[in-house]
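The values are calculated or read from the model by the stated rules, or taken from the named source; none is laboratory data. What you are looking at is a predicted structure, and each value in this text was computed from that prediction instead of being measured. Note: ideal-geometry Cβ built from the backbone for every residue, glycine included; neighbour counts use all protein chains shown. For the accessible areas, the whole protein counts, side chains as well, though only heavy atoms, and no ligand, DNA or RNA atoms are used. Shrake-Rupley method; radii C 1.70, N 1.55, O 1.52, S 1.80 Å.
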Amino acid sequence: MSHPQEIPGGLDRLNERVRQDLQWLEIPTRPWVPPRMADGRRVVDVAVVGAGMAGLTVSASLRRCGIDNHIVLDRAPAGHEGPWTTYARMETLRSPKSLSGPCMGLASLTFRAWYEHRFGPERWEALDRIPTGLWMEYLVWLRTVLAIPVRNETALDGIAFREDGLLALRLLSGGRPETVLCRRLVLATGRDGLGGPFVPPVVAALPRHAWAHSADRIDFAALRGRNVAVIGAGASAMDNAATALESGARRVDILLRRRAMPRVNKFTGIGSMGVVLGFRGLPDGWKWRFMDCVLDAQTPPPRASVLRVSRWPNAFFHLGCGVESATFLGDGVRLETSRGRLDTHHVIAATGFSADLSQRPELAAIAPHIRLWKDRFAPAAEDMPSGIRYAELDHSPDLGKGFEFIEKIPGACPFLRFVHCFCYPATLSHGKVSGDIPAISDGAERLVRHIAESLFVADRALHYAGLVAFDDPELTGDEWTDTPLPAP
C-alpha cells in the first residue's frame, strides 16, 4: 500500500513540539530510585520484556515517573517488534483511527498528530482505518522520539530468584548468554504472552509441513496453484485466507465451527472509561460473567477483512463445519468434517492462542508457583450464562492490583510478586488495558504507579535517611530581624 505524499519538514516540527511538551511537563521527571549495586555492577530497577506497543508504553511511563534505570528487551530486530510486520496480515487495524493509544495523555504523541504532521489534515480526514504498515512506522517513531532504551535481538532465556531479593535474568543477546540483575520484571509479551499458538490436536498430528498456525511465518508463494483450508472465524482466519488468495492459491476453503459468523464486538460496544477504570474493582463472579459473554459471542472479523476474502470467486465459506479428523495423503490432507469430506493441499489453523505456561521454557522457574484463576475461584452457574467453563479463563493468571503474579502456595515463592504480567492474559483480572490500543496508556500508568510505590516502600529506610540528612536551606537567616516585645 503506497503512502500519501509527505509534507516536507512535518515530522521535524512535530519532534520539536514533543520536545517542548515534555519539557513543559518536566518529563522525564527527576530520578529518585536509589542506585543499588550487586556483584560489582549496578542493578537494573525494571526490566521490560517486549518492545511492542505495550513495552514502549511501559517504558515511557517509567521515565515519566522518574524510574529511568530500566531496560526494554526484544528478541526481534529493530523495527519488527510485535506482530505488525510478521503474522499481522490485515491491511488495516481494526481499531478506529481516532483512539489515542500509547500517548500517555499527550496529544503530540498520538497517531493522529504523527499522521497529520507527516501527510496533512486533509489526508487524515480522508483516512478510514490505519494501514498496518503505517502503525508500525508510528511505533518506531514513538520509540525514537521518546528515546526508549530498547535492546533488540535479545531474548529472555530464564529467571532465577536470589536470596537478596533480586531477579537474575538469563538472556541470549545475539546468541550469546548474558545475565542481568533487576528488581522488577514486566512481561509485555503480547497475545501469547504466557503460552503460545493453539492448534487443534487433529491438525497438530499431521506432518509439520502440511499445516501452519496463522501466527507462523508462512511461505504464501509456495501455496500458489494449491488448495488451502483455513480453520477459524476470526480476523486472522480472514487475513490468512485473503493473503493465500492474493498469492495465487487455486481454492481457499474457510471452515467455521459455528453455524453463524460472529457479528457483534461486545467489549468494543461497551467501551468507556468506566470499563477501563472499573473492571478491576468488579467482584470475581462479575469479572467472569463479563468475559463469559465476550467469549461466547466471539469477536467478529472486521467487515473489510471478510470482504477481502469474499470478493474472490475461488473462496468458499463453510459454516457449522467442525473438523473431526485429518489424514495426510502424501500430497495433501483429507479433512473429515461435520459437513462431509474435504481434500486440500495445506491447512492453516487460525485458532488463536492458549495460556499454556509449558510452552514458555523461559518461565519454567516461576510457572509452578503462579496462581491461576482455577486455583482460587469456581464460577457459579450465574457467572457463566453460556453454560461453558472456558479454559481460557480457568488458565488466566490471578493477578494483584499492579499486574503482579500471586503465589499459588503462600510463602513458596515470595519474590514472585516482583514479576508483572502486562500482556493479554491479564484481561480477566484487569480488563482490556494491557494489550489493545484503546486503553494501553491507562494500563501502563496503573502498572507503573504500583511499581513506583513498591520500590519506594522497599527503599523507605534510604529515603528516610535522605530526609534526615537533607539540609539545603531555603532561608539564610538574613530575611528577618528578631525584635523584643514592646514594653507594657
Worksheet item: In degrees from 0 to 90, rounded to the nearest 10, what is the angle of the helix 284-297 Cα long axis to the longest principal axis of the chain?
Response: 30 degrees
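Note down the net charge around residue 440, summing +1 for each Lys or Arg and -1 for each Asp or Glu among other residues with Cβ under 12 Å from its Cβ. Could you put the intermediate results ahead of the total?
On the way: positive: 432, 446; negative: 436, 442, 445.
That works out to -1.
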Worksheet item: Of the chain, which part is the longest with no chymotrypsin sites (Phe, Trp or Tyr not before Pro) in a loop (DSSP not H, G, I, E, B) and with at most 10 other C-beta atoms within 10 angstrom?
Response: 1-469
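Report the charge-dipole magnitude of the chain in Debye, nearest 20, computed about the Cα centre from +1 at each Lys and Arg Cβ and -1 at each Asp and Glu Cβ. Numbers along the way, then the final one.
Values: 57 positive and 55 negative charges, 399 e Å.
Its charge dipole is roughly 1920 debye.
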Worksheet entry | Listed residues 140, 4, 198: farthest to the positive end of the dipole of the chain (Cβ charges) | 198
Worksheet item: Does anything in the range 133-171 have its amide N under 18 Å from the 7 Å Cα→Cβ label point of residue 38, and if so which residues?
Response: 156-171
Worksheet item: Applying the Karplus parametrisation 6.51 cos²θ - 1.76 cosθ + 1.60 with θ = phi - 60° to the phi angles of the range 124-129, what ³J(HN,Hα) value in whole Hz is obtained for each residue in order, glycine and proline being reported as x?
Response: 4, 4, 7, 6, 8, 10
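In the chain, carbon and sulfur make up what percent of the accessible area (probe 1.4 Å)? Don't jump to the answer; show the numbers that get you there.
On the way: 12920 of 23740 Å².
C and S atoms contribute 54 percent here.
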Practice prompt. Could you tell me the largest-minus-smallest coordinate of the C-alpha atoms of the range 123-197 on each of the three principal axes, in descending order and whole angstroms?
Written response: 58, 31, 25
Worksheet item: Hey, any idea what the orientation-averaged projected area of the convex hull of the chain's Cα atoms comes to, in nm²?
Response: 33.0 nm²
Worksheet item: Hey, what angle do you get for helix 10-24 against the long axis of the chain, alpha-carbon based, 0 to 90 degrees rounded to 10?
Response: 40 degrees
Worksheet item: Ignoring ligands, DNA and RNA, how do 374, 97 rank by accessible area with a 1.4 Å probe, largest first?
Response: 374, 97
Worksheet entry | At 1.002 mPa s and 20 °C, Stokes diffusion of the range 359-488 via Kirkwood alpha-carbon radius, µm² per second | 113 µm²/s
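Restricting to the chain, compute how many DSSP beta bridges are antiparallel as a %, nearest 5. Display every interim value, and only then the final one.
Values: 32 of 63 bridges.
DSSP beta bridges in the chain are roughly 50 percent antiparallel.
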Discussion item. I want to check the label-to-label distance for residue 153 and residue 481. Put each point 7 Å from Cα in the C-beta direction and report it in nm to one decimal.
Written reply: 7.4 nm
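On average, how much area does the Cα convex hull of the range 352-429 cover when viewed from any direction, in nm²? Please list the in-between numbers first.
Details: hull surface 22.9 nm².
The directionally averaged projection comes out at 5.7 nm².
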Response to the item:
For the range 367-476, whose charge dipole is built from +1 on Lys and Arg Cβ atoms and -1 on Asp and Glu Cβ atoms, the candidate among 393, 456, 476 with its Cα farthest towards the positive end is 393
Fill in: Surface accessible to a 1.4 Å probe, residue 460 within the full protein complex, Å²
150 Å²
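With a Förster radius of 41 Å, plug the Cβ-Cβ distance of residue 162 and residue 219 into 1/(1 + (r/R0)^6) and report the FRET value to the nearest 0.05. Show your work: numbers first, answer last.
Details: r = 44 Å, r/R0 = 1.08.
Once rounded, the FRET efficiency stands at 0.40.
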Discussion item. In the chain, if the dipole is taken from +1 on Lys/Arg beta carbons and -1 on Asp/Glu beta carbons about the Cα centre, which of 304, 412, 82 is farthest to the positive end?
Written reply: 304
Worksheet item: Across every pair of different alpha-carbon atoms, what Kirkwood hydrodynamic radius in Å does the range 15-109 reach?
Response: 15.6 Å
Worksheet item: Relative to the longest principal axis of the chain, what angle (0 to 90°, nearest 10) does the C-alpha long axis of helix 132-145 take?
Response: 20 degrees
Worksheet item: Residue separation times 0.36 nm, minus the C-alpha to C-alpha distance between residue 303 and residue 356: what's the value?
Response: 16.0 nm
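Near residue 250, within a Cβ-to-Cβ distance under 12 Å, what is the net charge of the other residues, with Lys and Arg +1 and Asp and Glu -1?
Working: positive: 224, 226, 251; negative: 253.
Net charge in that neighbourhood comes out at +2.
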Item to complete: Using only alpha carbon positions, build the gyration tensor of the range 261-398, then give the equivalent ellipsoid semi-axes as the square roots of 5 times its eigenvalues, largest first, whole angstrom.
Response: 34, 23, 15
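Would you mind computing the Rg to Rh ratio of the range 159-266 from its alpha-carbon coordinates, Kirkwood style for Rh? If you can, show how the numbers build up before the last one.
On the way: Rg = 20.2 Å, Rh = 17.6 Å.
Value, to two decimals: 1.15.
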Worksheet item: Which stretch or stretches of the range 451-465 have amide N atoms under 20 Å from the point lying 7 Å from residue 27's Cα along the Cα→Cβ direction?
Response: 451-453
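Can you pull the semi-axes for the range 56-180, root of five times each eigenvalue of the Cα gyration tensor, sorted largest first, whole Å? Show your work: numbers first, answer last.
On the way: eigenvalues 216, 62, 25 Å².
Semi-axis lengths for the range 56-180 are 33, 18, 11 Å.
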Worksheet, complete the sentence: What helix-only [θ] at 222 nm does the chain give? Using -39500 (n - 2.57) per DSSP H run of at least 4, over all residues, to the nearest 500, the answer is -8500 deg cm²/dmol
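Using a 1.4 Å probe and counting only protein heavy atoms, arrange 184, 19 so the residue with the most accessible area comes first.
19, 184
Lys and Arg at +1, Asp and Glu at -1: add these up for the other residues within a Cβ distance under 13 Å of residue 148 and post the number. Write down the numbers at each step before the final one.
On the way: positive: 63, 64, 143, 151; negative: 68, 74, 81.
It works out to a net charge of +1.
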Practice prompt. Mind checking the per residue accessible area of the chain for me, 1.4 Å probe, whole number of Å²?
Written response: 49 Å²
